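Here is the structure we will look at, set down as structure tokens.
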Amino acid sequence: MFIAKVVGVLWATCKSPGLEGLKLCLVQKMHGTTGKLSGKPVMAVADKIDAGTGDTVLVLDEGGSARSILKRDEAPVRTIIVGIVDQVTIEGKTVRYT
């Protein structure tokens, strides 16, 4: 799992059947307290989480677990947004994202 910033939303006119009805977001890893982004953006699906561009989110990056959460064993999914982060506290320092 990692904290990320939603940096964009993907639109597809044609999707794999396992992705139908799912929102596709671009997320980029970020440091919890500094907000510094790192690495390249990756695609993550959002099912019941209404995450959008600019939101700070908690991302699960394990294919089997992502498919289990979706209850779609055949979905071509590795990365899923599992929550929107309101705040992070590390070593007594709290940063609010809402």
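Figures for the structure shown
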item	result
Pair list, Cβ < 6 Å and 6+ apart or interchain, from segment 46-63 residues that are over 18 Å from Val95 (Cβ atoms) and touching a residue at least 24 places away in the same chain (Cβ under 8 Å) to residues that are open to solvent by 50 Å² or more (accessible area, probe 1.4 Å) and among the basic types (Lys, Arg)	Ala46/Lys23
Segment 62-80: number of residues that are of a type in the set (A, V, I, L, M) and not in a helix (DSSP H, G or I)	3
Residue in segment 22-30 that is open to solvent by 50 Å² or more (accessible area, probe 1.4 Å), modelled with pLDDT of 90 or more and more than 16 Å from Met1 (Cα to Cα) present	yes
Strands (runs of 3 or more DSSP E) contained entirely in segment 22-61, each with at least 3 residues that are within 12 Å of the chain's Cα centre (by Cα), farther than 15 Å from Val85 by Cβ and not charged (D, E, K, R)	42-46
Residue under evaluation Ala12, criteria (1) without any contact (Cβ under 8 Å) to a residue 40 or more places away in the chain; (2) aliphatic (A, V, I, L, M); (3) surrounded by 15 or more Cβ atoms within 10 Å (Cβ to Cβ); (4) not in a strand (DSSP E or B), criterion not met	(3)
Within segment 31-57, tally of residues that are of a type outside the set (D, E, K, R), modelled with pLDDT of 90 or more and open to solvent by 50 Å² or more (accessible area, probe 1.4 Å)	8
Qualifying residues in segment 58-98 (those that are among the basic types (Lys, Arg) and surrounded by 15 or more Cβ atoms within 10 Å (Cβ to Cβ)) - the one farthest from Glu20 (Cα to Cα)	Arg78
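The values are calculated or read from the model by the stated rules, or taken from the named source; none is laboratory data. Everything numeric in this text was worked out from a predicted model, so none of it was measured. For neighbour counting, all protein chains shown are included, and Cβ atoms are generated from backbone atoms with ideal geometry for every residue, glycine included. These accessible areas exclude ligands, DNA and RNA; they are computed on the full protein's heavy atoms, side chains included. Shrake-Rupley method; radii C 1.70, N 1.55, O 1.52, S 1.80 Å.
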